[in-house]
Amino acid sequence: MKLQKIATALAFIPVLHSAATPSGAADGTSPASASVTETIVLGGGCFWCTEAAYQLVPGVKSVTSGYAGGHPRWQNPTYEQVCSGTTGHAEVVKVEFDPAVVTLDRVLDLFWHIHDPTMLNRQGADVGTQYRSVIFYATPAQKAAAEASLARANPEWGGKIVTEITALDVFYPAEAYHQNYYKNNPQAGYCRAVIKPKLDKLKRTLAPSP
């Protein structure tokens, strides 16, 4: 039973991984065409918003909504449990990106444009510790990058950023209906009133300078 629990936990830990296939593989790829991606877990309020925002960023390969940072006894929590505010988990997204296209520094610097990092345990009308601003790092390099990014951004926010930077334990993917929420429900009230304005603002940030 203990080995089974360990295996389950390891399945959720983000890792650096390669999409390379051996030379002479059936699909004909070569080492020169190998791609390596990195992942980082971020919480910036409702994960529907954060997911939709990072899906716009060139170089981001995938974004998965989920939960992290909760009490150890709350494994594989449900959305309802997290919304109760008793699990300690935050709504987060796991961002998988190609560092050859978009750097970790860029991914982190965009984080400050996607939400208001000065709001403690809330974003807009979404209130509770599950909506806290948080960066979960998986490596010492990610921790250093997160701290440097926060230091760069803090003056722009009047020195009032309250974002947590903490080590990732386990990332739990959210239920299927939360994945690609904005793409699947663009006409929903929350999507039109809250998410779309954020995306419009981010598009202006991402647009190349004239």
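Bear in mind these aren't lab numbers, they're just calculated from the coordinates by the rules spelled out. It should be emphasised that the depicted structure is a prediction, and the values quoted were computed from it without experimental measurement. Because the Cβ atoms are built from the backbone with ideal geometry, glycine has one as well, and the counts that use them run over all protein chains shown.
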Quick note, region 35-166: a/c under 1.5 would make it rounded; otherwise a/b > b/c is prolate and the rest oblate (a ≥ b ≥ c, C-alpha gyration tensor); here it is oblate
Quick check: pseudo-label points 7 Å beyond the Cα along Cα→Cβ at A193 and A207, how many nm apart are they? 2.7
Relative to the Cα centre, what is the charge dipole magnitude of region 36-206, using +1 at the beta carbon of each Lys and Arg, -1 at the beta carbon of each Asp and Glu, and rounding to the nearest 20 debye? 400
Give me C49, C83 sorted ascending by neighbouring Cβ count inside 10 Å, so fewest comes first. C83, C49
Derived scalar couplings ³J(HN,Hα) [region 146-163; Karplus, 6.51 cos²θ - 1.76 cosθ + 1.60; whole Hz; x for Gly, Pro]: 5, 5, 5, 5, 4, 4, 5, 7, 4, x, 5, 9, x, x, 10, 5, 10, 4
Please go through region 110-210 and write out the GluC sites (Glu not before Pro) that DSSP classes as loop and that have at most 15 other C-beta atoms within 10 Å. E175
Net length gained if the chain between T139 and L56 were fully extended (0.36 nm per residue, minus Cα distance): 27.4 nm
Could you derive backbone 3J(HN,Hα) for region 53-58 from the dihedral phi with the Karplus parameters 6.51, -1.76 and 1.60 (θ = phi - 60°), listing whole Hz in sequence and x where the residue is Gly or Pro? 5, 5, 5, 7, 7, x
So, in nm, how far is label R106 from label N76 when the simple model puts each one 7 Å beyond its Cα toward the Cβ? 3.8
